[in-house]
Structures are given as C-alpha cells and as structure tokens.
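The structure under discussion appears below in the form of structure tokens.
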There are 6 protein chains.
Amino acid sequence: MKLLLVNGNTTQAVTDRVVAEATRCAAPGTAITGVTARFGVSIVSAEAEDAIAGHAVLDALAAHVAAHDAAILAISFDTALQGARQIVPIPVVGMTEASLVTACLLGRRFGLISFGQSSRRMYLDLVERAGLSQRMVGLETIELSNSAAYLREGGQDPAVIAASSRLVAAGADAVVVAGAAVAGIAHRLRAQVSVPLLDGIACAVGQAEMLVRLGLHQAVATAPLTGGSATIGIDPALSQRLSR
Amino acid sequence: MKLLLVNGNTTQAVTDRVVAEATRCAAPGTAITGVTARFGVSIVSAEAEDAIAGHAVLDALAAHVAAHDAAILAISFDTALQGARQIVPIPVVGMTEASLVTACLLGRRFGLISFGQSSRRMYLDLVERAGLSQRMVGLETIELSNSAAYLREGGQDPAVIAASSRLVAAGADAVVVAGAAVAGIAHRLRAQVSVPLLDGIACAVGQAEMLVRLGLHQAVATAPLTGGSATIGIDPALSQRLSR
Amino acid sequence: MKLLLVNGNTTQAVTDRVVAEATRCAAPGTAITGVTARFGVSIVSAEAEDAIAGHAVLDALAAHVAAHDAAILAISFDTALQGARQIVPIPVVGMTEASLVTACLLGRRFGLISFGQSSRRMYLDLVERAGLSQRMVGLETIELSNSAAYLREGGQDPAVIAASSRLVAAGADAVVVAGAAVAGIAHRLRAQVSVPLLDGIACAVGQAEMLVRLGLHQAVATAPLTGGSATIGIDPALSQRLSR
Amino acid sequence: MKLLLVNGNTTQAVTDRVVAEATRCAAPGTAITGVTARFGVSIVSAEAEDAIAGHAVLDALAAHVAAHDAAILAISFDTALQGARQIVPIPVVGMTEASLVTACLLGRRFGLISFGQSSRRMYLDLVERAGLSQRMVGLETIELSNSAAYLREGGQDPAVIAASSRLVAAGADAVVVAGAAVAGIAHRLRAQVSVPLLDGIACAVGQAEMLVRLGLHQAVATAPLTGGSATIGIDPALSQRLSR
Amino acid sequence: MKLLLVNGNTTQAVTDRVVAEATRCAAPGTAITGVTARFGVSIVSAEAEDAIAGHAVLDALAAHVAAHDAAILAISFDTALQGARQIVPIPVVGMTEASLVTACLLGRRFGLISFGQSSRRMYLDLVERAGLSQRMVGLETIELSNSAAYLREGGQDPAVIAASSRLVAAGADAVVVAGAAVAGIAHRLRAQVSVPLLDGIACAVGQAEMLVRLGLHQAVATAPLTGGSATIGIDPALSQRLSR
Amino acid sequence: MKLLLVNGNTTQAVTDRVVAEATRCAAPGTAITGVTARFGVSIVSAEAEDAIAGHAVLDALAAHVAAHDAAILAISFDTALQGARQIVPIPVVGMTEASLVTACLLGRRFGLISFGQSSRRMYLDLVERAGLSQRMVGLETIELSNSAAYLREGGQDPAVIAASSRLVAAGADAVVVAGAAVAGIAHRLRAQVSVPLLDGIACAVGQAEMLVRLGLHQAVATAPLTGGSATIGIDPALSQRLSR
C-alpha cells in the first residue's frame, strides 16, 4: 500500500518529520511518500495563509497522486479536504479530522491542544465544521515564542503534559495534539498522560490504511467539476483533475 | 491480534453472521471470537429490550474478555458502550459508532439506514448522543414484516439500494447500514450504490485493529467503580470487573 | 392513588429514605410503595453500574407494578426511563427529569448540583438527552470522600448551600439537587437558598400525582415489543411484560 | 387554594371557557378566578398584538393577584411570562409551557398543534425559547377561516384528530394542542388519539397546584425593579408592583 | 430621508442623546425625529418593564410614523421589533440587532458589553433569539451603582475599555456596546480599543439609511392583523394600524 | 469613496455584471473598480475550485487594493473572507454574508436561493459558518442545464419567482438570491415577490458604504502573519501583505 502525505506548508523539515512518523507507525508493507507545497508560507498559522495553502495542497496532490492508494493532508487545518476528495479517486484523510474521530472511539469527550494564539480560532472552526463541538471538553492553546521553538522537537513537551492534565480534569477521556510539525509527540509522551494521547499523523495513517483495506473511498464526481468551463493559470495536472 | 465480538441479542445466528463477516474482512493474523448474550431477547428492537441487553453485554464481556486485544459490541445500538469501556483495559468499539465515524472520513455528510419503525428513534438518539446529527442528511427506516424476514440474508437488499438512492439525492456522501443481523450487506451491495456503503462490523473490525496497532485504549478507572460498595446478584466475573 | 418507587440501587436505606420523603410530601390519599433492585451495585455512580441497573429497574418494576397508578424511578439517572414506559400502562416518572421540568416552571434557567466526579458526565448526558442544556446555567459537582458520607443525612448540607450560591450568581432562577440518597434535602435547606431549591423525589411525586389526576399516561405499544421473538434468562414477570 | 387565570385576550368568552375547563379539572378545594385583559385585541394572533397583550397581562395580574396562591397565564403565547414572575410573589405558570413540560414526562418527543398561519412562527419561537425544540417532532398548524370558527366549540375537532395522527406517524409520543380558546379540547378528544393528548389549561392547573403544594415559587427581586426610577402612565397597581 | 427614533424608555434625556448621536452620524440629507414612550418606566432594565415598553413602543410608533422613511427602535432590547414591523410599511430597525449584524461584517466573532446585572439575561436572550449566539465570544456586564451613574455621559468609559480588552483577549474581532443611554460611546472610545467598537444608534442609522436607499422594507400583512376582531382601550392610531 | 470588487471566478463577463449592478445601486460619489481572478476556473461551483479561488481572491486583492476604501468579494461563496480581512486595512465584505445579515434586518427568518446542485452544500456550509442556520427557513436550489444558461441574463427569472413563493409559504420574511453572475436579479424581480428580495452585490455595496461612512474596519494584525517565516512562489504584492 502506498500513502501520499501532502504538506501544505512550504517547510521541507515538516515534511521530513511527518514522513518519519508515518513510516514509524505504518503497517508492514505500507510505503510512505511525502510532498511539500510548491508555494505559500513556511508555517501556516492564519486564515490568509491557509487560503493560499488550499491551492498549494490541491496543486501538490494533483501532481503526485498517481500510483498511490490513499492521500493524507499533512497540514493540521485539514486544508482543502473536501476539495481534495473531489479530484482524486482514492481516499483523502485530513490529519486532524482523523485524530478527532479516533478520539471519539476512545471515550465520550475529547480535549484538544493546539499551538499559537493566531490559529486558535481556526481549530475551533475546524471542530465545529466537523460537527464534533459537542464532544470536545475544551481547546488548550500553547503560546509560542517563535516558529523555531515550535519546530524544535521536544520543545513543547512540558506544556503539552500540563495542558493534557487540565483537559483531563475538565472531563476529557482522550487528548488530541494538533499540528503537523509536532508529529510523533503523542507517541513520545503517551506514558506521561493518564488518558490516551493522540496526534494527527499516526491516526491518519491508521485510518487511511483501514479505508484502503476495506476498499472504501469517497465518491468522485463523474461529470467534470467545471461543467465545461475553462481553467487558466493553474498547473496542468490540477487543471486536468478538475476537468475529468 | 484477538478480537471479541459481543452480541447483545440472544440469537446465535446473529453471532454466527457477525463472526463470519468479521473473519472475512479482518487483517491476516486477526482472530475473531464471538459470544452471545446469556439472557434477554432474541432481537433487540426497543428501549426496554435494550436496557436488559446492557446488562447482558457487560455480563458476556466480563466473562469472555480475557486474552483478547479489543472488543466489539456486535449489537447495533452500541448498547452499554461507555460502561463496557469502564470495565476492561482494552479498546471497546461500538459497531454503529465505528461506522459513523468512518463515514465521516469519506465526505461531509452521511445517510443512515435502519430496519423497523420500533427502533427508529433509538438510532436518532444514538446519532445525537454521538454528537453527529449535524453530519447526517437523513435516516431511512425500512419497515419489516417480521423478524424472520430481517434475518434472511439478502431479503433487505432491494430496499437498501432504494433507500441509499434517496439518501444520495438528499446529499449523502456515504451511506451507513445499521444492524448486526445484516452484517456484510455493505460488502455485498457496494457496487450498486453510487457512494461508499458501510456497515458496522467491517468498520468496527478495521477501527479496532487500528486502535490495537497504535497502542490506543481508553483510560480505565484505577479506583474501584463501586467506591467500596458491594454488588449482589450478578455474575462473579462482572462483579470482579466492577470492583477492580 | 398508589405510587410505586423503584430504587435501582441495591441499598435498602436509600429506598427507605425516598419512601419517607415521598410519604412526607404526597397528597392526602396517596399511598407509597418502595422496591429495591434485586441485583446490581449498592450505589450506582458510573455508566457500567447504570447499565446493570437498567435491567434491575425493569425487573423490579415488572414484578411490583400491579395495582399501582404510577411509577417513579427513584434512581437519579432516570435509568431505563424510556424502556420502563414501554412495558407498563401507567405513567412512569424519572425523578431527575421531573425536577428539571419543574424547575423550568420557576424561571428561565436552572442550576444543577450532583455528587461525585465519577457521575458528573452522566448528569450532563441526562440533561442533554432531556433537551434542556440550553436552560441550564451550570452543573456543580460536590466531591465525596466516600459512599458513607454521601448517605449520612445532612452531611452534604453546607456544600449544597455553597454550590447553590455559585449557581445563583451564574444566573440560576432555581436550583435542582440530584441524587436519590439525598431525598428531602431541598425541603430541609429551602430557607437557606435565595431561589427555589428542588430535589427529585418531591417533584416526581407531585408530577406523578398530577398525571394520574389528569388521566394522562404514555402510550404503550399494542404489538408485542419482541415481535414474536423469545426471551431467555430473565424474570418471568419481565418476560411477560415484553411480550404483551 | 386559589388560582388566578389571566386572559391576555380581551374576549370574555375565552375567559369563560378557560375558567370552565380549569374548574372541571382542578383538585377539590381549588378555587378558580378569571380576569380578562382591559385593553388590546379580542384574539391575539400576531406579534404586534402580543406586544400589547404583554402590558395588559401585567396590568390585570397586578390588579387581581391579591389573595391568590398561583397565577396562570391563560393566553397561549405565555405572554409576558418572565415579567409576570418578577412582579408577584406566587408561582406564575404559562399555559403552553406547562403543557410542553408535561408532555416531556410522557415520552421522548412531542408534537404540537396550533391554529392559524399568522401565529405559527410565534409558537416555533416559544418552543425555541423554552429550549424544547429538540424534543418536538413537528408543529401542525390548522388554518382558520375566521375567528368565529375558532371560537365555536368542537369546530376544530376533526382537524385536530387528523393533525394528531400525522404527528404520531412522525414519532410523537404525546400531542399538545395550543390555544386558550380551545381549552378542554384534549379532554374531549383524548379517546380518539392513540397517544396522550394535552392542552394548556388542564396542565397549567395541575402544575400550579403542584407548585403550591410543594411550596415552590420563583424568586422575586428584593430590590425595586426600577432601581429608583419613576413610572408614568400605567395603572397604580402595576406601578406599585414594579417599585416594590 | 426622514428617520424616526422611538425611545421605549420614558426618559426624555435618553431620547435627546440618541437623537444627538443619530444626527451626528447620519448622512447629509437625513433628518432625525425622536419620540419618547408615553407610559412605562424611566429606564427599562427587567422583563416586566420591557413588557410594558412593548406596548409603549408600538403606541409611539403608530402615533408618529407618518411621513418617515424608516424607524429605529431606540431601546436596546429591540423591544417589540417583530410587532413593529407588522404595523408600518417602512423598515424598522432594532438598535441592538443592527449593531450585532454590523459586527458580523467585521470579523468571525464579536463580544458584547451591557450595563446592569438585572438585564444581563435579557441580552443573552436577545442574542439567542437573533440566532447569533454562535458568533458571540462573551457578554461582559458592567454593574451599575444607580441609574444616575448610567446616564452620566462618560461615566462608564473606563469600565467599557477594560471589558473590551477582556473580550478581545477571548477572541472578539469586534465589540458591541449595548444601551440607548450610552449612545455615542463607541465613537468616543474607538481609539482606545484595538478592534472595532460599535454601538446601537450609529449602526441602526447606517442600516436604516441603507435599507431605504436600496428600497427594501419588510412585507406588511395585507389582511388585517386582527382578523376582524375588535380592539379596545388602546390609542386610536395604534388600533387603526392593527386593523389595516 | 472607492470600492474594489474582487471576482474570484476568471470570467470577465461576471466582473462586468457585478460592476454594472454595483454602479447602479451605489450612492452618489461612490466609484466602483472591478478585478477578475488571474487564475482558477471560469465559474466556481465546487469545493476544489473554491480552494483555488481562495488564493486567487487574495492575489487579486493584494494587487489592486491600493487607494480603495473598502473591498467586496464578488464571488458568492465569500471565498477567503476571513483571510482577506487579515491582509488589508480596509473593510472587506462578502457578498453573500452581506445579503444574509441585511435579510435579518427585514424579518425573523429568511429563505435562500442558489443555482446548481453541485454547490448546494457549499451554501449550507456558508450559512452554518455564518451562524445563521437558525434564521433560514430553507434553501431552494435551481438546477442548471449548463453554465451558459446561468450566465444569460433573465434566464433564471421564472425559476427564482417560483422558488421565492415556496420559501414564502415556508415562512420566509425575506428571500436572498445567491450568485455573482445573477447580480441585479433582486432589483429586476422585486415587484414579483411578496416579501423583500435581495441579492449579494447591492447589499454588499450598501454595507460597505455604511462601514466606510461609520469609520469601521476590521482589526488587522500588527505582527507579521507569517511570524517571520518566508513565503515562496506567490505574487510579491501578496507576499508583502502577509509579512507586513
């Protein structure tokens, strides 16, 4: 089985980390490919940047999807998720949605941890859009001094453990840590949190593998999306996907 | 990996069918055990019957859970799901919740199909309790002439195909068929429905396997549930689980 | 008029207390009978225990309902309420739902007080299931050192008064105290709280008397619940109720 | 016990009918007084008219409340209910809210029947305001040729029976008929509907009696409502109630 | 263009202030008229008072509406807003609703500031009724020592600035200050708050001007509201409006 | 005053039409500029296309915003609205949100009309995201034979009139027609619909003019959005806006 991880940030180091974590937790026989957005910002943390990343995610997906069995959006806002599902005939899993629904299988209510005030509301919107607000006991946001700190592996560990404790006290049966750049944090800190700790990449890999094994993938529009209208100024691979 | 399927109905034929479907779709190396409720009604279809099944599910789970890696509630009301998670240290997956969250990974909104007017509201309550009402486009209920018709494999196929079409027309990106006794129906009819068709057992097996592989299982209360108070009149295995 | 109180806990002392409070506040001419669950745990405080109590409530109700005009579930999770309504032709009132709807008649928003963290979420679920979350300003949970403390009459009084004050400050027009074992606490503390203080048994008795006087009782399925399917391993009285 | 019924419509015939129905169903020893709005419109059926009725209800309540144990707003929009509770030290029950919460004690979901398209949305708003939309399966509105038809006793019976059937088919466990002018309709038609049929006055009387017997009444502001500010142009009795 | 401001409080000083602020911010060519309620209380701050104001608002509107292009309810509870729209053929804008929808055009979530605990819940109800609760991050209520303090221009400024900061910290993209008596406060303090600060009158004037310019006004019932039924005891101008 | 209309579709004819309608309804002294997306699809009607349009909208806005007083997103999905507000210091109004909030000022509930099944769910999501689902009575979707039909002025008129009637029957106090390509349709058909008919451009122009006149504009982040991280592969004007 071949899984494609699409990083909507332009930072190769994030791609490297999500690929490493996906490789660690994938089932035997699963091969992982990573691709980084061709354009946009290095670390998306605001709606304006995410709007650009939406285009970049589809662009990268269209260019690299061939020969894969499922795709994972390795950007924690699940950027352009519905759109991605419309242009490829394989399952597309959003890393954060995957972790939230997995958390739902582990108890009645989950807690969420994110990094940086600037993106806090984007996560609230994501959970609301996913229809899961009723099952969230709270969102803990860990402030960041700068991007570098965010990217330094292990740098957020104490704050995540503390935030998890607060969420458990508030009634969380499971805790989800959002963020592509912290991929693997749940695996590393699991023993230090009293309820299951999840992050996006591991859950997304598990869910994608399951969908492929069960032979499930979303329906793809049979009529051309564009209804016969032309595209201009976008990558030919993407243009072709839109007019299938 | 060993999975225990707990059928909260007292009908052995239903257990046989869910075990067969679980065996068909399980990953290589996964062994399936099935157990049938010791007491209750043959096919649960009303709240009164489900209340009895709640006890029967815990009773059977406590008696048979040893040496398994995860348990699946093979009764489509996810009967006693939260309670089951409190008494065993392995993941417990409800077959209907598993199918609903899997459907969420395949699109924006799902449709649901159930059998028999008497249980229709129980499914609405289940979806509401799962916090997923916002993602459901509709619940189609197929009337049953009698239990025998429900249990005859293939008997519901035309009605399910028709109901799926109505749900797709209403905007469903995926369709879930609820019911332990119809396990395997999604696999059998998939080619005849234009969006992904899911049922509970296959999704529950996939989700349970994923949770085990990722090393995730719900937190179990470390203090005795009963806070030192005694139990009377219940099976010793269950009593012991409650007073761990 | 004869009212049957069904205690889903196995503690006779709780039955004695709810019967005493019901007798105190019942109208002249109302006779009170109490029955205690035959099996289960002494004080239900977790979902697993409540699942067993569901069966025990129906078992006790079926065995003792004859010759009564209404039944009251004297267990504060309103355990098996919908199921109970399906098997007897008289009104069945849940003690907590009765107190919540009564509170709704006394103002715009109510506050709720419960005992023990382990059952906190069960009350949140109950309020949500009752569709009354919008009218609740908050749930105050009073921690318990042990069951004995909970059962000692008057032991919780100071904590309840303090919690009521917090709820009033948060905007509560009325305060409901949940818990079968504290039956009578509202009557005892009423003068010390600035808004109406309610508990379950008194409200349930009042509501049950009203339903009987108005000649109202829920519809009972005319067709057998089990659709012709057999029951096994349950009390004959309950089995008979299911197959009417 | 003395109950005051405040009719916010200016039609004496409506007052007569609600008093008759209240007298029929009240407990022995309960005395009923009725009062009709001094100003406004004959039958309120639009928001503009209801805004005037709000003043008229408080005006009549203030003038006649003395020596009563509870008040019932005998106008089916529960007009000025929160305000009424602020100015008198006895329970004030809205006839429609009383019937809705009573219906909640008889099953999981209720249906509602109202008269006249012009007021349909007012009932939807009332149910939403009461926080009970989740428990309503539907609102059936019976069109009226004219007010006279509405006031002719029995004139709406066939339409109400038909609407009840539709609501039961949609899943209603109980049906509430709204409208002061049709007081008694539930009692008259009960035998012809397969689930409990309720209307406002009977439920309001029952609930008011219960609140009085239990010694419950809403908290009344101890500080003057007007914070020291003057009133002008309103009835002295009402002015005095506001500046207590 | 001529705008009519209807003050539902009986305090002329409040009318003077809202007229002054409306005049300040109106477009060239817009003329402002103010009218004060003939009866009721000097400053409405509780539901009972608001119920009276509902009648007074319609009374004043009916008496003075002639020759105006739009009306503004210059009382911050948007008292009798739906009713007002039914009786006049010109747009009627509620000052608080106008400010809330304007805030929605300035960001994802708004914060609200109100004065006096007694009316706090009325604002929560207003926002809920407007269907905008999901977009509100919080309601800050500033306590008042007395009405005089509330009416002294500038007296609330420091508290409003502090409350705004708390709302911004909670995620507000814009802050709305409710209250007719503080009309102009947003204009005065705008420079001291880091997000847009709005109050009701300025927004209502802007929205009313826009509706008039676009030729939009709500539909007015063509049939008489009263369906042929009589009115008694109300102002002839209002009576005529009801029976058009 | 200068308003910039940003068309996220790549069709110049749509830009021409929205500019014409904006010019028609703008106040004297308002100048209108239109700009068309440089890349993407001719008519956006699916999430995948909208994801690309998000980037194109920001790209066009950044390149052309200089010297304007407010911007209007002339694409009916309000594409990238929150992001647009983050990168420019002037008000940004989404055409559909503007029409929905304007409709809220004209009555209790609105109806919505859109074109083409493929985008139906996108409008449901937009209304939900705007927090206004509670105020919508329904969404009528008019099927399109092809894009050309959609673009032919007047081609949709009979269908819009019929859909409006259905929405009014369902309780709509106002009807909103969504779609940039049909700009002006509300003005053209207003006389044929019994409640106010609105479309996006006219409302957006009115709202933008109002915000400018009142001196209101959303807060713009003072810190660079990108937190010091670089952008690559995007237009320099947009890159500069992100790193202000």
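The values are calculated or read from the model by the stated rules, or taken from the named source; none is laboratory data. Quick caveat: nothing in here was measured; it's all calculated off a predicted structure. Neighbour counts are summed over all protein chains in view; Cβ atoms, including those assigned to glycine, are modelled from backbone coordinates with ideal geometry. Only protein heavy atoms, including side chains, enter the accessible area calculation; ligands, DNA and RNA are left aside. Shrake-Rupley method; radii C 1.70, N 1.55, O 1.52, S 1.80 Å.
Farthest toward the positive end of the dipole of chain C, out of C:ALA180, C:VAL93, C:LEU106, is the Cα of C:LEU106, where the dipole comes from beta carbon charges about the Cα centre. Normalised by the number of residues in chain D, the average gap of Cα pairs under 8 Å and 6 or more apart makes the relative contact order 22 percent. Shown for region A:168-220: the carbon plus sulfur share of the solvent-accessible area, taken with all protein chains present and a 1.4 angstrom probe, equals 56%.
The relative contact order of region B:75-141, computed from alpha carbon pairs under 8 Å that lie at least 6 residues apart in sequence, is 33 percent.
Note on C:54-65: average number of Cβ atoms from other chains within 10 Å of each residue's Cβ is 3.
Note that region A:232-243 has calculated 3J(HN,Hα) couplings of 9, x, 10, 4, x, 4, 5, 4, 5, 4, 6, 9 Hz, one per residue in order, obtained from phi through the Karplus relation 6.51 cos²θ - 1.76 cosθ + 1.60 (θ = phi - 60°); glycine and proline are x.
Summed over both chains, the area buried between F and E is near 3200 Å², taken from the accessible surface of protein heavy atoms with a 1.4 Å probe. Taking amide H as placed 1.01 Å from N in the peptide plane, A:ILE72 has its amide H under 5 Å from the amide H of A:LEU4, A:LEU5, A:VAL6, A:VAL93, each at least 5 places away in sequence or on another chain. Modelled spin labels at C:ASP125 and E:ASP16, positioned 7 Å past Cα toward Cβ, are 6.2 nm from each other. Separation of region F:124-176 from region E:24-72 is 35 Å, based on Cα centroids. Surface calculation, 1.4 Å probe, protein heavy atoms: C:VAL182 sits at approximately 10 Å² accessible. Summarising the amide proton neighbourhood of F:THR141: residues at separation of 5 or more, or on other chains, whose placed amide H is nearer than 5 Å comprise F:SER114. Using θ = phi - 60° in the Karplus curve 6.51 cos²θ - 1.76 cosθ + 1.60, the 3J(HN,Hα) couplings for region A:115-122 round to 10, x, 4, 4, 9, 3, 5, 5 Hz; x is entered for Gly and Pro. Relative contact order, whole percent, for region C:108-172 stands at 47, derived from Cα pairs under 8 Å and 6 or more residues apart. Average 1/r across all pairs of distinct alpha carbons in region C:1-154, invert it, and you get the Kirkwood radius: 16.0 Å. Listed values for region B:151-166 are Karplus-derived 3J(HN,Hα) couplings in whole Hz (6.51 cos²θ - 1.76 cosθ + 1.60, θ = phi - 60°), namely 7, 6, 4, x, x, 9, 4, x, 5, 5, 5, 5, 5, 4, 4, 5, and x replaces Gly and Pro.
The GNM of chain C, with springs linking C-alpha atoms under 10 angstrom apart, assigns the highest mean-square fluctuation among C:ALA180, C:ALA80, C:ALA13 to C:ALA13.
Inter-chain Cβ neighbour count for C:117-129, averaged per residue, equals 3 (cutoff 10 Å, partner chain atoms only). With all protein chains present, calculate the accessible area of E:HIS187 using a 1.4 Å probe and round the result to the nearest 10 Å². E:HIS187 exposes around 100 Å² with every protein chain in place. Taking R0 as 60 Å, what FRET efficiency do you get between D:MET1 and B:ARG24 from their Cβ-Cβ distance, rounded to the nearest 0.05? In this case the efficiency is close to 0.30. Would you please give the FRET efficiency between D:SER145 and D:ALA31, computed as 1/(1 + (r/R0)^6) with r the Cβ-Cβ distance and R0 = 30 Å, to the nearest 0.05? That gives a FRET efficiency of 0.20. Scanning residues 5 or more positions from C:VAL176 or on other chains, those with amide H under 5 Å from its amide H are C:GLY111, C:LEU112, C:ILE113, C:LEU198, with H placed 1.01 Å from N in the peptide plane. In chain F, the DSSP-assigned H stretches of four residues or longer account for a calculated mean residue ellipticity at 222 nm of -12500 deg cm²/dmol, using -39500 (n - 2.57) per stretch and the full residue count as denominator. Rolled with a 1.4 Å probe across the full set of protein chains, the surface gives F:GLU140 an accessible area near 40 Å².
For peptide C:156-168, the mean count of partner chain Cβ atoms within 10 Å of a residue's Cβ comes to 0.
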